[in-house]
Amino acid sequence: MNRLKGLSCYLSGPLDLAPDRGTGWRDSLTPFLKELGVVVHNPIELTEKCPPQDFGNLDDRVAWKESGEYDLLAQSSKRTRKLDLYHVDKCDFMVWYCDLSILTCGSWEELFVANRMKRPIIVWCRQGKAALYNWMFGMAPHQMFFQTILEVKDYLTYIDTHERIETHGRWFFAE
């Protein structure tokens, strides 16, 4: 079938307070998505491609916050937010990584924006489906909630290859 070929996926999840700054899980999933022919929107790579004076990096933002340079922090954060939400708007589906032990802010907004657009959102919660907030079960199809990267990959393989799939009112393919 190869349904996912040419579609785009936004990788949403914690950055600022993640021990690895959010790179590990994205680096693990990206090659798999690319093998399926999916265009990957990785917010880490997106800001790295932009001129540093426009965004700064995470170390810059930490330094600006510590030194009270809130105008620079705000300017950088507004640009980052605008860029990330632009790519959420552009994506065909999202993988949203949730580790409930890591506080995050932007990824929640990205999730809510994608949900309002009725995009397919594959939720990968490190602590498991049962640990997710009850609100999530009223917001998105729980059949798209998983605990491991293997489950996420199996689900995406199912969507990509099976003749008849359950769309849960989210997946749409112009065939």
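The values are calculated or read from the model by the stated rules, or taken from the named source; none is laboratory data. All values reported here derive from a predicted model rather than from experimental measurement. Virtual Cβ from ideal backbone geometry, glycine too; neighbours counted across all protein chains shown. Side chains are part of the model used for accessible areas, which takes the heavy atoms of the whole protein and leaves out ligands, DNA and RNA. Shrake-Rupley method; radii C 1.70, N 1.55, O 1.52, S 1.80 Å.
Structure data summary
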{"item": "Residue-span extension gain [GLU66 to LEU17] - 0.36 nm each, minus C-alpha spacing", "result": "16.1 nm"}
{"item": "Listed residue (MET1, HIS87, PHE32) projecting farthest to the positive dipole end of the chain, Cβ model", "result": "MET1"}
{"item": "Principal-axis tilt of helix 106-116 within the chain, Cα atoms, nearest 10 degrees", "result": "40"}
{"item": "Surface accessible to a 1.4 Å probe, per residue, for the residues of segment 1-100, Å²", "result": "53"}
{"item": "Nearest-ten-degree value, helix 23-35 long axis tilted from longest Cα axis of the chain", "result": "40"}
{"item": "Rounded percent of accessible protein surface that carbon and sulfur make up, the chain, 1.4 Å probe", "result": "54"}
{"item": "Largest to smallest accessible area among LEU103, LEU85, LEU150, LEU72 [probe 1.4 Å]", "result": "LEU103, LEU150, LEU72, LEU85"}
{"item": "Dipole magnitude of the chain, debye to nearest 20 (Cβ charges: Lys/Arg +1, Asp/Glu -1, about Cα centre)", "result": "480"}
{"item": "Selected from CYS105, GLY138, ILE165, residue furthest toward positive end of dipole (segment 47-175; charges at beta carbon)", "result": "GLY138"}
{"item": "Above-threshold pairs, the threshold being 21 Å between Cα atoms, out of LYS34/LYS153; LYS82/LYS153; LYS34/LYS129; LYS5/LYS129", "result": "LYS82/LYS153; LYS34/LYS129; LYS5/LYS129"}
